[in-house]
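Asks: Quick one: the structure is below, questions incoming.
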Amino acid sequence: MMGHCYCGDCRKASGFIPFMGFSRDAVKFSGRILQHRSKAASGGDAVRNSCAVCGGLVFGGEVDISDSFTIYAGSLDDPSAFVPRIAIFTRDRPAWAVVPPGLTLFEAMPNSSG
């Protein structure tokens, strides 16, 4: 799953976040991270992880706890690997954040069944 998130938390972090979703089994993290917690739209915690060296946002989720993670497309060494297909939390999108044509739009978080 690749797309743009316009939720309030992503908007505060960076205007909006281009993200790539992965299951826990598909990723391995190493190195030191800086962790920030805030309230997610679901009422739980949103956990953002930054590189402890440069401070750049790298991924969302909690290592050893979360079932899935969001890798922030801005952290990719090869940005061409990011091909967005969806836009989520479009109800929170500010007018200045233009959604690329062709994305499937969701006003909130899409459910797991599609």
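What follows draws every value from the coordinates through simple rules; no lab data is involved. In this text, all values refer to a predicted model and were calculated from it rather than measured experimentally. Don't worry about glycine lacking a Cβ; one is built from the backbone with ideal geometry, like all the others, and counts go over all protein chains shown.
Asks: Let me check I have the definition right: for the range 2-105, take the eigenvalues of the Cα gyration tensor, multiply each by 5, take square roots. What are those semi-axes in whole Å, largest first? Mind showing how you got there, number by number?
Replies: Details: eigenvalues 94, 51, 36 Å².
The answer is 22, 16, 13 Å, longest axis first.
Asks: Related question: Nearest 5 is fine: what % of DSSP beta bridges in the chain come out antiparallel, could you say?
Replies: About 80 percent, rounded to the nearest 5.
Asks: Gain in length, HIS36 to LEU76, computed as 0.36 nm per residue apart minus the alpha-carbon separation, to one decimal in nm?
Replies: Full extension of this stretch gives 12.4 nm more.
Asks: So if I take the centroid of the Cα atoms in the range 1-26 and the same for the range 29-82, what is the distance between those two points in Å?
Replies: 9 Å
Asks: Nearest 20 debye, what's the magnitude of the dipole of the chain about its Cα centre given +1 on Lys and Arg Cβ and -1 on Asp and Glu Cβ?
Replies: Its charge dipole is roughly 260 debye.
Asks: With loop defined by DSSP as not H, G, I, E or B, and exposure as at most 13 other Cβ atoms within 10 Å, which is the longest segment of the chain clear of exposed trypsin sites (Lys or Arg not before Pro)?
Replies: 33-84
Asks: Another question, if that's okay. Of GLY43, PHE29, CYS54, which is farthest towards the positive pole of the range 11-72's charge dipole, taken about the Cα centre with +1 and -1 on the beta-carbons of Lys, Arg and Asp, Glu respectively?
Replies: CYS54
Asks: For n ≥ 4 DSSP H runs only, could you compute -39500 (n - 2.57) per run for the chain, divide by its residues and tell me the 222 nm figure to the nearest 500?
Replies: My calculation for the chain gives -1500 deg cm²/dmol from helical runs alone.
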